[in-house]
Every structure is written in C-alpha cells, then in structure tokens.
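Have a look at the structure below, then the notes.
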Amino acid sequence: MNKFWIIVGHTYLQKVKTKSFIITTLLTLLILFGISNLPTIIQLFDREEEVKTFAVLDETDQYYDMFSANANMLEMPFEIEKTTLTEEELDEKVLAEEFDGTIILSTDENQFPQATVKTLSITDSQVFAQVEQVLQQTKQELGRVQLGLESEELNQLFTPVVVNKVALEDNAKTEEELNQARGLVYILLFVIYFSVIFYASMIATEVATEKSSRVMEILISSVSPVKQMFAKLIGIGLLSLTQMVIILIFGYASIQSKLDDFNAMTGGMLGFSDIPTTTFIFAGVYFILGYFLFATLAAFLGSLVSRIEDVQQLISPMIFLIVGAFMIAMFGLSSPDTPFITISSYIPFFTPMIMFLRVGLLNIPAWEIALSIAILLASITALAIFGARVYKGGVLIYGKSSSFKDLKKALMLSKDK
C-alpha cells in the first residue's frame, strides 16, 4: 500500500503545482469576484456613459406632452426634446451625430398613437423597448380619457391577477423554497458538469502522457496497473476537491455581503437560507459518485491510446454522455416530476445530475435516493472491475489507436499477465 499512496501523493502534488491548475483556479476566482461585484461594475460604466438625446417630432401636435410626462415617470435612460425640424433635417442631424436618434409620433388607422424611431443602427434594443413602453402608456392614457375613466379605475383594470398556489402533498415545498432550490440546483449542475468533464479528461490525458513517454513500462514493473489506475483516480479526485474548496470558500466570502442584492435581482433564486442541509450533502454525494463513475471510464479509455492527440477522439462518447445528462437536467428544471426525468434519473450515466435535480426540487421517497446511490455504486464497481482489466492490458498497447477495437486486444493482454 505504500507504493499506492506514493503514486496518489505524486499525482496530486504534480498536478497541484502545474500552471494550468493555478491559472484555471485564479481565473475562476477572478470571474467569481467580477460576478460578486457586477452591480458596482455596471454602475461604474453607467456613470461614464454619456446620456443619449432623442429629438421628438410630434406630427399630431397632441401627443408630445403626454408622451414626455410618461417618459419622465418611467425614468427612461435617455433624454427627449421636442423639435419643429422636418424629418429630413432630423435625419441629417442624426447622421452628423448631433442627436442620438429621432422619435416621430403619428396616428395609426385606429386613431391611436404610433411611433417611428430612427437611429444610426438598431442594435440597442433597450431604446426601442423603452419607447414602446412609454407609447403603450400614452395609448392607455388616451383610451382612459376617451372612455371617461379615472386613473385609479384604469390602474385597477390593469392590475395583474393573483393566482394562489397550494400544494396538497405533505411536506411539499413552498414557491419560495422551490425557487431557491432551483437556483442552487442550477448552479451545482454547472459545477458537476464542468468538473466531471475537466477532471475525467485530465485522468485520460495523464495516462496517455505516461504511455507516450514510456514511463508506464517502468511503473508497471514495480506497481500493478490496477493500483496505478485507482491511485490516479484518488489523486486527481483530491485535486478536484482542493480546487472546489478554494473556489467555494472564496465565492461564499465574495458574495456573502451582497447576497441580498443578488437575491432581489434573481427573484429569490439566490436566497439559500431555506434550503435543507441535506440538499448540500446530496450535492456532494452525487458529485463524488459522478466523478468516480466517469473518471474510471476515462482512465481505461486513456490507457488505450499512446498519443495525447488521440485522447479527445476516444473520450468523445463519454463527453456526449455528460452533455446529454446536462441537457436533460436543464429541461428537468422546469418539469422535474415528468416520467421522462424520473426514468432518466435511474440510468447510471445520467443519475448524478438528474437524481440530484429531483432530490433538490422534489420530495421524493428515501428508497428512491437509496436505489439511485446503489445503482451508481454497482455501476462504479462493475466499471472498475472491467476497467481494471482493460487498463491492465491497455497500458501495454502502443502504436496508433484503433479506437474501441483495442478493447479486445487489451482484455487479451490482461489475461496473459
């Protein structure tokens, strides 16, 4: 066992000192810092941006006052001013950048206001959305006057209806708890998705690198290939946990003081105070099980290639499985109780993401959770036994890879050893 832990320590220390590990960790921390300070950054750029000015040409001579009042009430992000210039003269001033744009108010066939907005380009969708909102408000105000309604009566008419949501199931999550759970699950699904792809690919590349440098021939003479495989799995597993702990601690410290702001911006999806501790525990459980499932698969696939260039080609089916699980999970965020999601959660390669999705959003029986974990453990064990045999013979295969045809050759070599 001493040799086993030596390989574990060597794999861990070798990877933790690499530039790629340090750079990816620092970049992730930098992105988290930017996200946590996003409102401040947006305000900084907003202060430096010049206020846009739009000239308003009212062809009806009756809409501008109401349009201007509604624009001030809605706090539009640009200024407007009335003009008596012709449309052609305004076009020239926009082209000369004396105005950022023009708004031409007119009447449609139903005698309601309509607007034509002219700018140098139509890429700024916010401007058109704001003008549309102000014009809609103006149209409603004119309709109110024509119908002889009071402002309060009109407001009551357009007040959104209230739909009360009541769940009859015992211990069912409230709407607030469901929104918070959905936000947490969404974040952790991305964590599981990128982590599994990144670290599983790292294991396959590590094995292929050792084979390409002929180090493997020296290693297998002193340590059995099976011990090598599991030592690498644990070593890179510890590396992933190290990186995750660093990112989680920094991320929590960065957004803790601004959590209320983000919670308000996302409609309550980032308020994690009402989420049970068991949800976080299951996130860790399914993350670890998912890692070992795909890492074992990646290890013996990596043992079949002799060149680093062939790694991505051989592990691409594994990547497609992970992408498929992620896409199904994204669909399941809005409908976690559909039969399709339920059945998918018991397929081993989909279980880490989809069963965690169901655990986070639904109150499912304990036996379903236990069954999914048992399926994962059985799959990992079966894959490890088969993978160990392939790895044992695969490390002796050199030359150009013939993809999965090398599996048979690797199994035959493992029997001869």
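The values are calculated or read from the model by the stated rules, or taken from the named source; none is laboratory data. This is a predicted model, so every value here is computed, not measured. Heads up, the Cβs are rebuilt from the backbone with ideal geometry, glycines too, and the neighbour counts pull from every protein chain shown. SASA here: full protein model, heavy atoms, side chains in, ligands and nucleic acids out. Shrake-Rupley method; radii C 1.70, N 1.55, O 1.52, S 1.80 Å.
Residues whose amide H comes within less than 5 Å of that of K82, counting only those at least five positions distant or on another chain, are V56 (H built at 1.01 Å from N in the peptide plane). Between T60 and S20, what FRET efficiency comes out of the Förster formula 1/(1 + (r/R0)^6) with R0 = 56 Å and r the beta carbon distance, rounded to 0.05? Approximately 0.30, to the nearest 0.05.
Charge tally around L188: other residues with Cβ under 14 Å, Lys/Arg +1 each, Asp/Glu -1 each, net +2. Shown are E132, E79, E206, whose ranking by accessible area with a 1.4 Å probe and every protein chain present, most to least, is E132, E79, E206. Rolling a 1.4 Å probe over the protein heavy atoms leaves F194 with an accessible area of roughly 120 Å². Applying a DSSP loop filter and a limit of 14 other Cβ atoms within 10 Å to the trypsin sites (Lys or Arg not before Pro) in region 1-38 leaves K17. Of the residues R358, R144, R389, ranked by 1.4 Å probe accessible area with the largest first, the sequence reads R389, R144, R358.
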